[in-house]
């Protein structure tokens, strides 16, 4: 499967993790809206570890639990507001969530732009590296940190985009799981995100053994989306 690097974790990531730990809500068919329980029959929809499932990736899980908490105080506000705030907090290179032009998507994935300098100034990421070094008994080196970022920054576009798409998909499916409906604007963005993830340039970033599974599950999710709100 795709090897993710922990760049750009949102500043509220620790808060989200604490929220998940304190939140007694368990994401299962039993606790979902009856419409979601009826429609989302395959187990991968509810898996906390399946990377293609709506809530199985790190971004998807955080996005869902964050959305659930946000929704308690924002019942009449569009989920788009939460999604925009969440993705903006990650400090990823800007990307239009409506984008479906393959040439623009490829440019985003392959562009180096100013990613390295952005990451160097990301205090959250640097602190994560510091903690990793501490837990392994090593001494944190800022120079080694910068060398590592410089080496990998040119190949991070696909990871950024998949992280963004994971969040979109989690919020879309999350609204349906919680409320039994999905706003049409979120539904459209979710469909677009899934279709982006089906592009060969992103599918080929996964292992050969997993690619067919991912394609199959993403296509199942598209079909299920068409049935929501019916």
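The values are calculated or read from the model by the stated rules, or taken from the named source; none is laboratory data. Remember, predicted model here, so these are calculated numbers, not experimental data. Glycine gets a Cβ as well: all are built from the backbone with ideal geometry, and neighbour counts include every protein chain shown.
Assorted remarks:
- Residue within the stretch 148-158 that is in contact with a helix residue (DSSP H, G or I) (Cβ under 8 Å, 6 or more places away or on another chain), within 21 Å of residue 101 (Cβ to Cβ), at pLDDT below 95 and assigned to a helix (DSSP H, G or I) present: yes
- Single condition residue 230 does not satisfy, out of (1) farther than 21 Å from residue 109 by Cβ; (2) touching a residue at least 40 places away in the same chain (Cβ under 8 Å): (2)
- Hits in the stretch 199-221 (condition: loosely packed, with under 14 Cβ neighbours inside 10 Å and touching a helix residue (DSSP H, G or I) at 6+ places or on another chain (Cβ under 9 Å)): 204, 219
- Scanning the stretch 38-58 finds one or more residues that are under 24 Å from residue 80 (Cα atoms), assigned to a helix (DSSP H, G or I), modelled with pLDDT under 95 and within 16 Å of the chain's Cα centre (by Cα).
- Counted residues, the stretch 174-198 - those being in a helix (DSSP H, G or I), within 14 Å of residue 32 (Cα to Cα) and in contact with a helix residue (DSSP H, G or I) (Cβ under 7 Å, 6 or more places away or on another chain): 5
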